[in-house]
1. Take the residues in region B:226-239 that are out of contact with any His (no Cβ under 9 Å at 6 or more places or on another chain) and surrounded by 24 or more Cβ atoms within 10 Å (Cβ to Cβ), then tell me which one is farthest from B:ILE265 (Cα to Cα).
2. Name the residue, out of B:PRO523, B:PRO563, B:PRO568, that is modelled with pLDDT of 95 or more, touching a Pro at 6+ places or on another chain (Cβ under 6 Å) and open to solvent by 20 Å² or more (accessible area, probe 1.4 Å).
3. For region B:234-259, give me each residue that is part of a loop (DSSP other than H, G, I, E, B) and within 21 Å of A:THR56 (Cβ to Cβ).
4. Among the residues of region B:344-367, which ones are surrounded by fewer than 22 Cβ atoms within 10 Å (Cβ to Cβ) and under 15 Å from B:VAL438 (Cα atoms)?
5. Given the residues B:LYS161, B:LYS116, B:LYS190, which is the only one that is under 30 Å from B:VAL314 (Cβ atoms) and among the basic types (Lys, Arg)?
6. Consider only pairs whose beta carbons are under 7 Å apart and that are at least six residues apart or on different chains; among these, list those whose first residue lies in region A:21-48 and is under 21 Å from A:ILE137 (Cα atoms) and whose second residue is open to solvent by less than 30 Å² (accessible area, probe 1.4 Å) and not in a helix (DSSP H, G or I).
7. Hey, does region B:493-509 have a residue that's crowded, with 20+ Cβ neighbours inside 10 Å, at pLDDT 95 or above and under 27 Å from A:ALA8 (Cβ atoms)?
8. Look through A:ILE141, A:ILE122, A:ILE157 and report the one residue that is under 22 Å from A:MET40 (Cα atoms), within 11 Å of chain B (Cβ to nearest Cβ) and either within 15 Å of the chain's Cα centre (by Cα) or modelled with pLDDT of 95 or more (or both).
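The values are calculated or read from the model by the stated rules, or taken from the named source; none is laboratory data. For clarity, every value in this text was computed on a predicted model and none was experimentally measured. We place every Cβ from the backbone using ideal geometry, glycine too, and count neighbours over all the protein chains shown. Accessible surface is based on the protein model in full, side chains and every heavy atom, while ligands, DNA and RNA are left aside. Shrake-Rupley method; radii C 1.70, N 1.55, O 1.52, S 1.80 Å.
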Amino acid sequence: VSAAAPPAVVDVSSLPRGTVDSRELIWWAFAGIIAIEGTMFAITAATYLYLAVKSTDWPPLGTPLPGLLIPTLDFAALLLSIVPSVGMDRAAQRDDVKAMRLWTAWSLPVDALCVTLRFLLIRNLPFRWNSHAYGSIVWSIVGLHTFHLVASTLESILLAIIVFRERPTQKTRRDLRVDGFYWLFVTLSWVPFYVLLFLSPRWK
Amino acid sequence: VSAAADAPALAGTLGKTWGTPRGIVGVLTSVDHKIIARRYVVTAFVFFALAGVEAAVMRLQLSRPSGRVVSADFYNQLFTMHGTTMMFLFAVPVMEAFGLYLVPLMVGTRNVSFPKLNAMGYWIYLFGGIFLYVGFALGAGADAGWFSYVPLAGPQYAPGKRVDLWAQMITFTELSALISAVEIIVTAFKQRAPGMSLGRLPLLVWSMVVMSFMVVFAMPAVMVDSTFLILDRLVGTHFFNPAEGGDALLWQHLFWFFGHPEVYIIFVPGLGMVSSIVATFARRRVFGYTALVLALVATAFLGFSLWVHHMFAVGLPWLGASFFTVASMMIAIPSGVQVFCWIATLRAGRPVPKTPLLFVVGFLLLFVLGGITGVMLASAPLDLQLHDTFFVVAHFHYVLIGGALFPLFGGIYYWFPKATGRLLDERLGRWHAALFFVGFNLTFFPMHLLGMHGMPRRVYTYLPETGWGRLNALASAGAVLIAASVVVFLVNVVKSLRRGERAGANPWGAATLEWATDSPPPPYNFRDLRAVRGADPLWMEEEGTVVVEGLSPRSREVLVTSPLDAEPDHVTVLPGPSPWPILLALGTGIGFAWSIFSPWGIVAGAVLAGAALTGWYWPSTPPKPEELV
C-alpha cells in the first residue's frame, strides 16, 4: 500500500451472514446447472425434430403411438408436485418450521406418484430403444428426464430427513429454496417434451 | 481494531483459516483455487507434451515420401490422439485454469464460489485424461479422428473398444469444463470487490466470462452427441443408422454445434490475455475498452451460428451454404475491431518489448494470417476445393497456435512471477519466442501450399511422384525448431523456479488487483481486501486506496456483491478442505469406465456417486458464533 493518505474503509461487519434466498451463491450454481441441462434438453428436442423432418414417416410406418392416458396422468402429477414444492420454499423463506414440515410431508407422496407414473409410462412404451431411430430418441428423452426426476426426488428425500431431524438451519432453508428452484426446472421442462412426444405425433 | 496495527497477526490468523493441510491429506483435499489451477496447468502441459510427441512422430513419418516410421493404423491413432488431447485435454483446461487462478485474484476475493466443486472438476479431468491414455498404451487408442465421424466411428466400421473409450472420455471430461465455467461465471458476477462494476471488470475476466458462457451452451451438445454414439455402439440404438431412420449427418451437426464454439472457447481467453499484456507493456489503459468487450460478446454469439461451414462438403442447399458463408465471414468484424484496438493501444503508449509483448506481436501477425485463410475457407466454393486438405490443417493451426498458444505463452511469462514469486529469464524467453515463431511458420506455412497442391489430411504416407516431399521435409524441419523452443521454455521454467529473479508484488507495474498482493499470493489471496474506484485500481493509488473491513479472519468468510454494480450484499462462508470431491470424481469415473464393459457400471457409478454426494451435502455442525468473533 503506497497511498499517502490512510486507506478509506468499507465496513461490512453489519452485513447479513448468509441469506436464504436467490442472492446466495449456491442458487447461482443451480442456475448454471439448469442452463447446462436445459441446453441438453433442448438439444435432445432438436434431435427429435431433426430426425422427424428427415424421415418420410414419423413415427415409422406400423409403429403404434405411445398411449395418452398414463403420460397425461404423469404430466398432471408433475404439475401438481409444484404446489408442495412452492409451499416448502415459501415456508423456508418465512422460517415457518411447522409449514416446512407439513409441505415436506405432502411433497413426498406426490413425488413418489410422479416417479411411479413415470415408470409405468416407460413400461408401456410400445417400442424399444433399439427398434428404430424414433424409438432411440423417445427412450433417450424419457430416460434423460427420468434420471433428473429420480435424482431430484432422492434429493427431496434427503432434505426431508434433515427437515424432520432438526430445526431447519439457515443452510437447510437455503437448500429448500434451491431444491424448489431445481424441481421447478425438472417439472416445467417436461411440458415441451410432453407436447413433443405425446401430442405432436397426433396432429395430422 | 486498526488493521495496520496487528497486520502480521491478522495474516497469521488468515493463513491458518485458509491454509491447506500439509502432506498427502492436503494433496487429496485441497480446495484452494490457486493450488487447483496450478495442478490443471501442470497436468495440461503434460498432455501438451504427449500430444507434441505424437505430432513429432507424425512429422517424422511424413518428412519424406513412403515413410515407414509408423503403420497406417498407428498413424490413425496418432492424429486422433493428437487432436483429442490438444483440444480436450490441453487447450480448454489450460485456458480455464488461467481463469480459475486469475479471476478470484483479479476481482479481489479469496477463493472461487464453489471450492469443493472446483476440486472435483480437476479430479474428473485428471481421471478422464489418464483413462484415454491408458487405452492408448494398451493399443486401444481412438483412431477415428478428433471429431469421430460416423459411420466410420459407428458400430459397423469401428468394432472393438477404441471409440467407446474416446466417447466416454469426452462426455466425462466435458463435465470438468462445465464445472470450471460455472465457477468462473459465479465468481466474476458475485464476488467482485466493491466498486468493480461490470464496466470496470478487467478484460481478462470478461474474456473468461464470455468463454465460460460459451462452454455452458456448447459442451452439452458434444456430451449428448458422444452419448448417442456410445448408445449406438453399446445398446443398439439407431441415431446415426440411416437404415433404421437415423441420420449420419446428425452426428456432424451436433458435433460442430459444439466444435465451432470450441475454437472460440480456446482463443477468447487468449484475447483477454493479449489485452492484459498490451495495456501493461504499453503503459496505458487499453484503447477501446467497450469495443473490446462488445467484440468478445459478438464473437461468442456469432460463434454459435456458423457451425455448418465445417460441413460444406456434405451437400447443402445453396441458400444454407450462403448463410453460413456470410456468418463465418462476419467473425472478421469483431476480430478486426480487437486487432485495431490493440494496435492503437501500442501506438499511443510507450511499449516495453519484454517477452510477453513479443508473444503478443507474434500473435497479432499469426492470428491475422489465420483469420484471412478463415475468410477464404468460409467461402463455400473454395472450401469445396480445399476441404480435407493440408490447407485446412494450416489454417486451424494458425488460428489455434497463433490465436491461443502465443497469447498463452505470453500469459505464462506475464503471470509466472505472480504464481511463483520469480521472474522467468528474459534472454531464454526471447529465444523461446523467436524459435517458436520461426519454427511455427516453417512447419505450418508450407501446409497451405501442400493443401493447394492437393495433399489430403490424415494420410499416413504419400508417393514420391506427388512432389510433396520437399515441402513436407520443410514442415518437419520446422517441427524440430518448435520442439527446441519448447525445450528452451522448459529449461527456463526449471531454472527460474530455482534461481529466477525475485518478482515482488508487481514486477511489471500493472494495473489490476492480482498485482496488489504478494507473489506468490498467500492462501487467503489478500490480507486487506480492496474496494476499487476505477478500472485500473493500481494506477490510481495516488487517489488513496479503499480497503474492506469486517470479515472474520477465523472462518472462510467472503464478501458477496451485487452482480452488476458490485455493491456489498452479504457475507458467506466458503467450505474448506474436503475428501468428498475426489471421492465423487472417483465414483463417477468408475461408473463411466465400467459402463463401457457392462451396464452394471451405470448402477455402480450411481450408487458410488450417490453415496459421495450424500456425504458432500450432509450438514456439518456450524461453528458457534463466539468462535467467529
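1. Taking region B:226-239 as the starting set, the residues that turn out to be out of contact with any His (no Cβ under 9 Å at 6 or more places or on another chain) are B:226-231, B:233-237, B:239.
Keeping just the survivors that are surrounded by 24 or more Cβ atoms within 10 Å (Cβ to Cβ) gives B:226, B:228-229, B:237, B:239.
Working: B:SER226: 19, B:PHE228: 23, B:LEU229: 24, B:THR237: 31, B:PHE239: 28 Å.
Ranking the qualifying residues of region B:226-239, first place goes to B:THR237.
2. Details: B:PRO523 fails: touching a Pro at 6+ places or on another chain (Cβ under 6 Å); B:PRO563 fails: touching a Pro at 6+ places or on another chain (Cβ under 6 Å).
That would be B:PRO568, the only listed residue that is modelled with pLDDT of 95 or more, touching a Pro at 6+ places or on another chain (Cβ under 6 Å) and open to solvent by 20 Å² or more (accessible area, probe 1.4 Å).
3. Step one: list which residues in region B:234-259 are part of a loop (DSSP other than H, G, I, E, B), which gives B:235-241, B:245-247.
The answer is B:THR237, B:HIS238, B:PHE239, B:PHE240, B:ASN241, B:GLY245, B:GLY246, B:ASP247.
4. B:VAL361, B:LEU364, B:LEU365
5. Working: B:LYS116 fails: under 30 Å from B:VAL314 (Cβ atoms); B:LYS190 fails: under 30 Å from B:VAL314 (Cβ atoms).
Among B:LYS161, B:LYS116, B:LYS190, only B:LYS161 is under 30 Å from B:VAL314 (Cβ atoms) and among the basic types (Lys, Arg).
6. As it stands, the answer is A:GLY38/A:SER189; A:PHE41/A:SER189, since those pairs meet every condition given.
7. yes
8. Details: A:ILE122 fails: within 11 Å of chain B (Cβ to nearest Cβ); A:ILE157 fails: under 22 Å from A:MET40 (Cα atoms).
Among A:ILE141, A:ILE122, A:ILE157, only A:ILE141 is under 22 Å from A:MET40 (Cα atoms), within 11 Å of chain B (Cβ to nearest Cβ) and either within 15 Å of the chain's Cα centre (by Cα) or modelled with pLDDT of 95 or more (or both).
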